[in-house]
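Heads up: the structure comes next, in structure tokens.
The values are calculated or read from the model by the stated rules, or taken from the named source; none is laboratory data. Note that this is a predicted model, so its numbers are computed, not measured. In this analysis, Cβ positions are derived from the backbone assuming ideal geometry, glycine residues included, and neighbour counts consider all displayed protein chains.
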Amino acid sequence: MPRAHAMPSRRPRVNRAPSATHVAIIGAGRGGTALIEVFAADPLVQIVGVAEVKANAPGVALAKRLNIPVTRDYRRLLELEHVDLLIDVSGNAKVWELLQDYHRMGVTIIGGASAKFMWELIEARIRATAEIEKSLNKYQSLYRLYVKETSVAVTDERTRIACEMHDGLVQNLAGVNFKLDLSLQLIRKNPKASLATLREGKAQLKLAIHESRQAIFNLRPLHYDKMELLPALTNYLTSYETQYHIKTQFHVSGDEQILFPRTKIFLFRIVQEALSNVEKHAKATRVTVRLDIDPQLLRVTIVDNGVGFDMDTVLRDPDKWDHFGIRGILERARLVGGEGRIESKKGHGTTIVVDIPLDKKETRSHGED
């Protein structure tokens, strides 16, 4: 094999620490490659040369990329002026036999079983590091996805609540303010009309107070000390039925204590999003929420008797996908490791099913993180 670089009699000028150990490696197979990978990244080591007779050995290509001198004749390494450590991982008995007879002041020689043990340890370290980096990259990707999707979900939630407050609470408060102004104008000219206006304003203010309480409840749905999901859903459905005059039914099987607090919160938001869509789009008179909890699977099913919609049309149109709230429901399901599906036909209502697998970590007695 032609030499990749002329083997110098003196080491090349490289920016290294003055106390660097100068290493020469005989053999560029698995062992030599492992040694080159580790030593090349160490600022206290200078690889001054590599010897290998096989042109296609993996360490040869690596040495070329790192600008390390390569030779076919290992004896040229013995002639180098600056060598502190010479490592033989060629596996050639004749080479090792010759090296055992080689003595030079200040040069340490490692070969045979000792060298093999060294590069096997280094290989194991490289593999372990590669696995760690692979796992870190995987979890970093998942974390970026989680942050991205969580941000989208939080933004959607804030937008929804802001719209509800603008369309309900703010409008009612503006109406109260208008009626108070009108009452002030009428109080002397027409006291009876002023009194009637005040009564209307009071009724409107009462409605605004109810809506403000509902908005606060929507922001903080669960009792955070106990993280009780079922009472929160029961209260929410009762309030929903009163506010929108849509009859609700709630069926539960299983024990919520096996659920993580985070899963409970996401599940509440899924039900909340689904029922918000029912109120806005379905024109339904009845909605049923069913919650089935067993040690392996959590399933929530939401069924309404509304007008329904054409799923194929909605799935082809990203704007309608967002408009009907499908994206928010499916994203929330994914964020807790589950998946959702939606079935709907015009004139036949809509059914939403969300399945969340419960692994062993989630089936602890108190559902704690």
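Would it be correct to say that Asp88 is within 14 Å of Ala51 (Cα to Cα) and of a type outside the set (A, V, I, L, M)?
Yes, satisfied.
Name, by its number, the condition in (1) modelled with pLDDT of 85 or more; (2) out of contact with any Gly (no Cβ under 7 Å at 6 or more places or on another chain); (3) assigned to a helix (DSSP H, G or I) that does not hold for Gln46.
(3)
Among the residues of region 58-74, what is the count of those that are without any contact (Cβ under 8 Å) to a residue 24 or more places away in the chain and among the basic types (Lys, Arg)?
Residues flagged as without any contact (Cβ under 8 Å) to a residue 24 or more places away in the chain and among the basic types (Lys, Arg) within region 58-74 amount to 1.
Could you list all residues from region 234-266 that are assigned to a helix (DSSP H, G or I) and under 26 Å from Gln204 (Cβ atoms)?
Asn235, Tyr236, Leu237, Thr238, Ser239, Tyr240, Glu241, Thr242, Gln243, Tyr244
Can Val271 be described as surrounded by 22 or more Cβ atoms within 10 Å (Cβ to Cβ) and at pLDDT 85 or above?
When the stated conditions are applied, Val271 passes them.
Do you know which residues across region 76-98 are free of Cβ contacts under 8 Å to residues at least 24 places away in the same chain and of a type in the set (A, V, I, L, M)?
Passing the criteria: Ala93, Leu98.
Can you pull out the residues in region 256-268 that are modelled with pLDDT of 85 or more and surrounded by fewer than 16 Cβ atoms within 10 Å (Cβ to Cβ)?
The answer is Gln257, and nothing else.
Return the pairs, sorted by first residue and then second, in which the second residue is in a strand (DSSP E or B) and of a type in the set (Ser, Thr, Tyr), the first residue lies in region 46-57 and is in the same structural domain as Glu79 (by TED's automatic domain parsing) and closer than 15 Å to Gly31 by Cβ, the beta carbons are less than 9 Å apart, and the residues are 6+ apart or on different chains.
Final answer for the pair search is Val50/Thr71; Ala51/Thr71; Glu52/Thr71.
Give region 189-226 a look and list any residue that's at pLDDT below 65 and not in a helix (DSSP H, G or I), or say none.
Arg220, Pro221, Leu222, His223, Tyr224, Asp225, Lys226, listed by residue number.
Hey, could you check region 80-96 for residues that are among the charged types (D, E, K, R) and touching a Gly at 6+ places or on another chain (Cβ under 7 Å) and say which is surrounded by the fewest Cβ atoms within 10 Å (Cβ to Cβ)?
Looking at residues that are among the charged types (D, E, K, R) and touching a Gly at 6+ places or on another chain (Cβ under 7 Å), I get Asp84.
When you scan region 226-258, how many residues do you find that are within 21 Å of Leu298 (Cβ to Cβ) and in contact with an Asp or Glu (Cβ under 7 Å, 6 or more places away or on another chain)?
6
Are any residues in region 18-31 surrounded by fewer than 23 Cβ atoms within 10 Å (Cβ to Cβ) and part of a helix (DSSP H, G or I), and if so, which ones?
Arg30, the sole residue that qualifies.
Suppose we filter Ala6, Ala34, Ala55, Ala41 for residues that are modelled with pLDDT under 85, under 30 Å from Arg127 (Cβ atoms) and surrounded by fewer than 18 Cβ atoms within 10 Å (Cβ to Cβ); which single one remains?
Answer to the check: Ala41.
Restricting to region 277-292, and then to whatever is surrounded by fewer than 19 Cβ atoms within 10 Å (Cβ to Cβ) and either more than 12 Å from Asn305 (Cα to Cα) or of a type in the set (A, V, I, L, M, F, W, C) (or both), can you tell me which residue is farthest from the chain's Cα centre (by Cα)?
Out of the qualifying residues, it is Lys280.
Would you point out which residue out of Gly254, Gly328, Gly308, Gly338 is in contact with a His (Cβ under 8 Å, 6 or more places away or on another chain) and not charged (D, E, K, R)?
Gly308
Do you know which of the residues in region 227-255 that are more than 14 Å from Val289 (Cβ to Cβ) and charged (D, E, K, R) is surrounded by the fewest Cβ atoms within 10 Å (Cβ to Cβ)?
The qualifying residue surrounded by the fewest Cβ atoms within 10 Å (Cβ to Cβ) is Asp255.
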